[in-house]
Amino acid sequence: MKRLLALMGLATLASVAGAVIIETEPNNTFEQANAITRGSAPWADVGVMSLTAGGGDVDFFSIQLFQGEFITIITTPIETPYTDPDTILGLFDDTHQELAFNDDAGSGFGSAIRWQATYTGTHYIAVSGYGDRQFRGEHRQDGPYILTVSVVPEPATLLAVGAGLAALVVRRRTR
C-alpha cells in the first residue's frame, strides 16, 4: 500500500513539474509572444520576468489550453518590498479578444486571473505596467516580477481521477 501511494505521489509530481517560464525579448506583441510549454494538467510553472519603462515593453506569452481547464495567472512584484513594478494582467483568446483583466490582486500591486477555458486552443497572457490598460507599453513601471502560471483540469476530470485512485485503494485492500 505504501509503495502504491509513493508511486502515485511521484506520478503527480512528475505531471506537475515543468521547465521554468522564460522571457525572450522582443515579446511585445501577440505575434512575438513567448510560448509557454506545459505538461498535462495539473501543471504549474514560474519564472522571473522584467518590465522596462517606456519603449513599448509589454510581455506577451502564449499557452495551449483544453476546453474546461482552469488557468491561474499571478504576477508578483519583486522590488521595494513587493510593490514595484505595479503590474496589470490580461488574458486573450486566439483572435486577441480580451477574456479577463486584473489590475490589483488584493495587494494593490500584483495581478491575478483565474479563468476556465471555453475552447481548446491558443490563449495569450499579457503583462504590462499600471496605466497601460490597452497593453501598448505606455507605462512608467520598471523592474523584475515573478510570473506564476498553473493549469488544473476541469472538475469532472479530477473526479474521474479521484474515483480511479479510490478504486485502486479498495481493490488493494480486498486482496
### Query
So, in nm, how far is label THR118 from label GLU154 when the simple model puts each one 7 Å beyond its Cα toward the Cβ?
1.4
### Summary
The extension gain from ASP93 to SER40, computed as 0.36 nm times the residue separation minus the Cα-Cα distance, is 17.1 nm
### Message
Test of understanding: what is the full-extension gain from ASP103 to GLN32, defined as 0.36 nm times their sequence separation minus their Cα-Cα distance?
### Response
23.3 nm
### Query
Of LEU91, LEU99, which has the most accessible area with a 1.4 Å probe, and how do the rest follow in descending order?
LEU99, LEU91
### Query
In nanometres, what is the gap between the two model label sites at ILE78 and ARG136, each 7 Å from Cα along Cα-to-Cβ?
2.9
### Query
By its C-alpha gyration tensor, with a ≥ b ≥ c as the square roots of the eigenvalues, how is region 18-77 shaped: rounded for a/c under 1.5, else prolate for a/b larger than b/c, else oblate?
prolate
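The values are calculated or read from the model by the stated rules, or taken from the named source; none is laboratory data. Because the structure is a prediction, the values reported are computed rather than measured. Neighbour counts run over all protein chains shown; Cβ positions are idealised from the backbone, glycine included. Just the protein is used for accessible areas: all its heavy atoms, side chains included, with ligands, DNA and RNA removed. Shrake-Rupley method; radii C 1.70, N 1.55, O 1.52, S 1.80 Å.
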